[in-house]
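First comes the structure, then the notes that go with it.
The values are calculated or read from the model by the stated rules, or taken from the named source; none is laboratory data. On a predicted model such as this, the values are computed, not experimentally measured, just so you know. Neighbour counts are summed over all protein chains in view; Cβ atoms, including those assigned to glycine, are modelled from backbone coordinates with ideal geometry.
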Amino acid sequence: MKIIARNRKANHEYEILEKFEGGVELLGTEVKSIRAGKINLLDSYAIYRNGELLIHHMHIAPFEQGNRFNHDPYRKRKLLLHKKQIAHLRGEVERKQLTIIPLSVYFKRQWVKIEIGLCRGRKKYDKRQKISAQESKRRLSNIMKRR
């Protein structure tokens with residue numbers, strides 16, 4: 001498993017409740033660009049529309065040798081998941097006001113896979129509490145190492 005891109009901001013901005021793995025419907029030059037590592041997950045999210053999940057704002061840079069075969073870098077891309085998973089995600093998003101965020105993109109054998117998370121947004125005070133808890137753990141571990 002070769003990780004291509006990771007959304008590090010998601011762990012800070014959101015509380016991740018569940019994780020799912022799925023495929024992404026891509027076109028030829030997009031796969032070549034992903035192999036080169038030219039993908040950005042920042043500010044991307046997934047929406048349920050007409051029985052399928054679509055990823056918005058996932059930037060895949062145009063392939064350098066792609067010329068006229070290149071595609072729009074910000075086009076909507078279909079997520080490939082089982083029907084039960086899509087129904088579960090739709091229900092959770094509608095019922096609990098959650099968000100679906102892509103967490104990482106990686107290759108599993110020759111297939112491009114994406115890990116998505118069912119997330120709840122954090123408030124500013126939640127972020128501060130998380131940072132202070134991490135700092136206190138770090139201090140305790142440093143003290144324990146010294147002794």
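Among the residues of segment 40-51, those that are outside any loop (DSSP other than H, G, I, E, B) and either of a type in the set (Phe, Trp, Tyr) or over 19 Å from VAL105 (Cβ atoms) (or both) comprise TYR45, TYR48, ARG49. Restricting segment 3-55 to residues that are surrounded by 14 or more Cβ atoms within 10 Å (Cβ to Cβ) and among the polar types (S, T, N, Q) leaves a set whose member that is farthest from GLN134 (Cα to Cα) is THR29. Any residue in segment 20-41 that is more than 15 Å from ARG77 (Cβ to Cβ) and at pLDDT 95 or above? Yes, some residue in segment 20-41 is more than 15 Å from ARG77 (Cβ to Cβ) and at pLDDT 95 or above. Scanning segment 53-106 for residues that are in a loop (DSSP other than H, G, I, E, B), more than 16 Å from the chain's Cα centre (by Cα) and of a type in the set (Phe, Trp, Tyr) yields a total of 1. Only a single criterion out of (1) out of contact with any helix residue (DSSP H, G or I) (no Cβ under 6 Å at 6 or more places or on another chain); (2) more than 14 Å from ILE34 (Cα to Cα); (3) surrounded by fewer than 15 Cβ atoms within 10 Å (Cβ to Cβ) is not satisfied by TRP111, namely (2).
Scanning segment 14-31 for residues that are touching a residue at least 60 places away in the same chain (Cβ under 8 Å) and over 19 Å from ALA87 (Cβ atoms) gives TYR14, GLU15, ILE16, VAL24, LEU26, VAL31. Residues of segment 1-18 that are assigned to a strand (DSSP E or B) and over 10 Å from the mean Cα position of the chain (by Cα): LYS2, ILE3, ILE4, TYR14, GLU15, ILE16, LEU17, GLU18.
Does VAL24 count as in contact with a Lys or Arg (Cβ under 9 Å, 6 or more places away or on another chain) and not polar (S, T, N, Q)? Yes, satisfied.
Every listed requirement among (1) farther than 22 Å from ASN11 by Cα; (2) touching a residue at least 60 places away in the same chain (Cβ under 8 Å); (3) of a type in the set (Ser, Thr, Tyr) is met by THR99 save one, (1).
Could you check segment 28-39 and list, in sequence order, the residues that are among the hydrophobic types (A, V, I, L, M, F, W, C) and not in a strand (DSSP E or B)? Once the filter is applied, which keeps residues that are among the hydrophobic types (A, V, I, L, M, F, W, C) and not in a strand (DSSP E or B), segment 28-39 yields VAL31, ILE34, ALA36.
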